[in-house]
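Structure first, commentary second.
The values are calculated or read from the model by the stated rules, or taken from the named source; none is laboratory data. Just so you know, these numbers come straight off a predicted model, no measurement behind them. Cβ placement follows ideal geometry from the backbone for every residue including glycine, while neighbour counts extend to all protein chains displayed. Note: accessible area is taken over every heavy atom of the protein model, side chains too, but ligands, DNA and RNA are not part of it. Shrake-Rupley method; radii C 1.70, N 1.55, O 1.52, S 1.80 Å.
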There are 2 protein chains.
Amino acid sequence: MPPYDPSAFPPFAVTVDLVVLTVRRHALCALAVRRGEPPFQGRWALPGGFVRADEDLAEAAARELVEETGLHAYPPEGSPPPAYGAHLEQLATYGDPKRDPRMRVVSVAHLVLAPDLPAPRAGGDAHSARWAPVESLLDQEGSAHTREGDLTAPLAFDHARILADGVERARSKIEYSSLATAFCPQEFTVGELRRVYEAVWGVALDPRNFHRKVTGTPGFLVPTGGTTTRQGGRPAQLFRAGGATLLNPPMLRPEV
Amino acid sequence: MPPYDPSAFPPFAVTVDLVVLTVRRHALCALAVRRGEPPFQGRWALPGGFVRADEDLAEAAARELVEETGLHAYPPEGSPPPAYGAHLEQLATYGDPKRDPRMRVVSVAHLVLAPDLPAPRAGGDAHSARWAPVESLLDQEGSAHTREGDLTAPLAFDHARILADGVERARSKIEYSSLATAFCPQEFTVGELRRVYEAVWGVALDPRNFHRKVTGTPGFLVPTGGTTTRQGGRPAQLFRAGGATLLNPPMLRPEV
DNA sequence: TCAAAAGTGTTGGGGATACACCCATGA
DNA sequence: TCATGGGTGTATCCCCAACACTTTTGA
């Protein structure tokens, strides 16, 4: 690595952007905020912001997450999730020279998986924030839009691409890890966990085989002893996420 | 995202670092360059350099790769590899405020998988460059070192961590993709491909079952019609990498 | 003739799918 | 009593591990 020569290598702005996913009403949803100023004023975007001089990338992402949602993140290999904890991991970095028309910005995107939350609170400069089904945020290619800021307008910057990458990461990662439990409250039933898989993958799973599979995988689920009938029908056992992070053998995602 | 205020958010230097892996003499090896100046002068490090004002992150990584090795990278979803092509993909981004003692540097690490190469040529400011088995570069915790620049000294900066992440990515990715062929020359035998898996995973695989598995996976291997006896024994069919990128079902990595 | 590597056949078992069937509650 | 979701049992199939065995070369 040669010495740093600012004239040859101009400085970059570094930001973090967040793909915050949750499952609401049987659909995979992402958090979107409305931009309050140009460029893309009035359009929807992923939450994010500049990294500060003294903080690590993960710290910056966790700070933005609290500012935008009130959620506290726990580290990937950390202790069990707190009451309103969320999984946070680095996703990828986007640095196309033209991705921001104002200046050279490199954005380190992070992926957050959160349980179903109360309505998000708009933080910082965002005019508003909301959960939107990921398909409604992604299937916007070339459609006619009535006005800027319409929920059917494409996301600002390259955020559609970032969101698509985050969704793909989540879809593949719940196959071979216990991360799907990050979408559930602290205590949940096997059926609720199954509906998470169904929403994220967009498929129907056999309830009987799913039940056998997840309860038979050591360390995946820990029974709490309680039961609930909040889904109707026969009372269901309540579970917490177990210590296992890797699923072996993995959950099999049906061919589409 | 608030407006950019340089006083609140000082600029960052952005670099790319490369984890270049190959298989030589039945061992997984990484490319290391000797640092020519402080900090960590004389110590081994991963190749890398600053991102220029007008280039994308992947472009910067490909440029550094050519400068350091003469290798040309092909994109993940691109056309078949050229003669000395190598697989290149983004790995992760490292931005600890203290990772470089001189200033705030955010490094976007990339992973390169290359076939066995002629001896690397030292480029740029590196005093020298060499292939080293990854264990010899990683198993350096707390050992006594005779002198700086010794091959047994730990890697500079946080490069040991970056290398470990790259190795782990390669180990897991050859399970479910055809990426192991990136370690092979354009034409190769099933036995040579098997020795790649064995070197990367550090295990022994059953030659008979491996043969059936890879030749039975549609799109993985395409016979070229030729044969070779360069490994001794009965002549073996030569293959090229097929179009398939994802392996379904995956190669199973034996339990350790 | 022998060593070495390539390749084929066969067998047994684990786990997945598909689906019949029973269980325990609220309305 | 019925609808609803929870949970168990079972047959079939596919794939993988293990390993005996044959093939084709160089030395």
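What is the sum of charges, Lys and Arg at +1 and Asp and Glu at -1, for the other residues whose Cβ falls under 14 Å from the Cβ of B:P115? Charge balance near B:P115 sits at +1. A simple charge model with +1 on the Cβ of Lys and Arg, -1 on the Cβ of Asp and Glu and nothing else charged puts the dipole of segment A:177-241 at about 160 debye relative to its Cα centre.
Segment B:100-119 and segment B:201-256 have Cα centres spaced 30 Å apart.
Between copies, the label points of A:D54, set 7 Å from Cα on the Cα→Cβ line, lie 3.9 nm apart, reported in increasing order to one decimal in nanometres. A label point on B:P250, set 7 Å along the Cα-to-Cβ line, lies at 0.4 nm from each of its counterparts in the other copies, closest listed first. Each other copy places its own label point for B:T215 at 4.5 nm from this one, sorted shortest first, where the point lies 7 Å along the Cα-to-beta carbon line. Of all chain B residues, the closest to the B-onto-A rotation axis by Cβ, with that distance in whole Å, is B:P11, 1.
Do you know the relative contact order of segment B:148-217, to the nearest whole percent, from alpha carbon pairs under 8 angstrom that are 6+ apart? Reported as a whole number, the value is 21 percent.
Loop-located GluC sites (Glu not before Pro) across segment A:170-236 with a Cβ neighbour count of 16 or fewer within 10 Å are A:E187, with loop assigned by DSSP.
Accessible area per residue (1.4 Å probe, heavy atoms of protein chains only) ranks B:R212, B:R130 as B:R212, B:R130, with the largest value leading. With contacts taken as Cα pairs under 8 Å and at least 6 residues apart, segment B:178-241 reaches a relative contact order of 37 percent.
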